[in-house]
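Read the figures in this text as sums done on the coordinates, not as results from a lab. Please read these numbers as outputs of a predicted model, since none were measured by experiment. We place every Cβ from the backbone using ideal geometry, glycine too, and count neighbours over all the protein chains shown.
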Amino acid sequence: MLSDLEIRRNLFHLVTGVILSLMLFKQVFPPWLWTVCFAIAMVLSVLARYEELPLLSWMLRQYEREKDIKRFPGRGAVLMLGMATALSWAFPDSISAAAMMILAIGDSVSPLIGQYGSMKHPLNHLKHIEGTFAGIAAATVSCLWFVPWWHALIAATVAMTVETLEIELNKHILDDNITIPLIAGIILWILTYI
């Protein structure tokens, strides 16, 4: 069962990701301003590692794992904002929004439902297949505002399947806040333009 902290983290991830997705779709910021926001988030993360920052430090205690507060405060949120920035530069607004929504919804629903699952995932024994299927279904439905249903289904299926893998780069596991929207965005772009 997920701890209270992990449930709060998943709900924060979901809400933050949906907001970022809608901002991408509505083109609230041009890409350069996304970049500025990401740079500010990185600076705040570094400062939070060494200093008590009034609101930010309180939020970190509510939503962050203790080990991440010491190493990379706000890691998940910073990486999500970084991917929103990358998506805003790389893809049209509908693809960017859908890719971010797959991350927000699929990656949040999967562990929330998966904790009740009974079938171990064949690609990762720490996860349950029911969680992956729930994440794919929820991510697909959430993308219907932005892309055709079959584009959403294919992108969500591939991205959420890759999410179960532990992809290593230079002896570091790639964070799924990077892999999910990146893979989803590439798949959606291929399905739309090729």
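Using only alpha-carbon positions in segment 1-122, the gyration tensor eigenvalues give semi-axes of 24, 22, 10 Å once each is multiplied by 5 and square-rooted (largest first). The Cβ shell under 15 Å around Ala155 holds other residues with a net charge of -3, Lys and Arg each +1, Asp and Glu each -1.
Please report the equivalent ellipsoid semi-axes of segment 133-194, computed as sqrt(5 x eigenvalue) of the Cα gyration tensor, largest first, in whole Å.
22, 13, 8
A Cβ-based charge dipole, computed about the Cα centre of segment 100-194 with Lys and Arg at +1 and Asp and Glu at -1, lands at about 120 debye. Charges were assigned to the Cβ only: +1 to each Lys and Arg, -1 to each Asp and Glu. The resulting dipole of the chain about its Cα centre is roughly 140 debye. Shown here are the Rg and Dmax of the Cα trace of segment 44-194, at 16.3, 49 Å. A full extension of the chain between Trp89 and Arg71 corresponds to an added length of 3.7 nm, given 0.36 nm per residue minus the alpha carbon distance.
Restricting attention to the chain, the count of lysine pairs at 8 or more positions apart or across chains with alpha carbons under 28 Å apart stands at 7.
Each stretch of four or more DSSP H residues adds -39500 (n - 2.57); spread over every residue of the chain, this sum gives -23000 deg cm²/dmol at 222 nm. Between Cys37 and Glu52, full extension at 0.36 nm per residue minus the direct alpha carbon distance yields a gain of 3.3 nm. Close amide H pairs (under 5 Å, H built 1.01 Å from N) link His121 with Lys127, His128, Ile129, residues at least 5 positions away or on another chain. Sorting Ile173, Ile180, Ile136 by the number of Cβ atoms found within 10 Å of their own Cβ, with the fewest placed first, yields Ile173, Ile136, Ile180.
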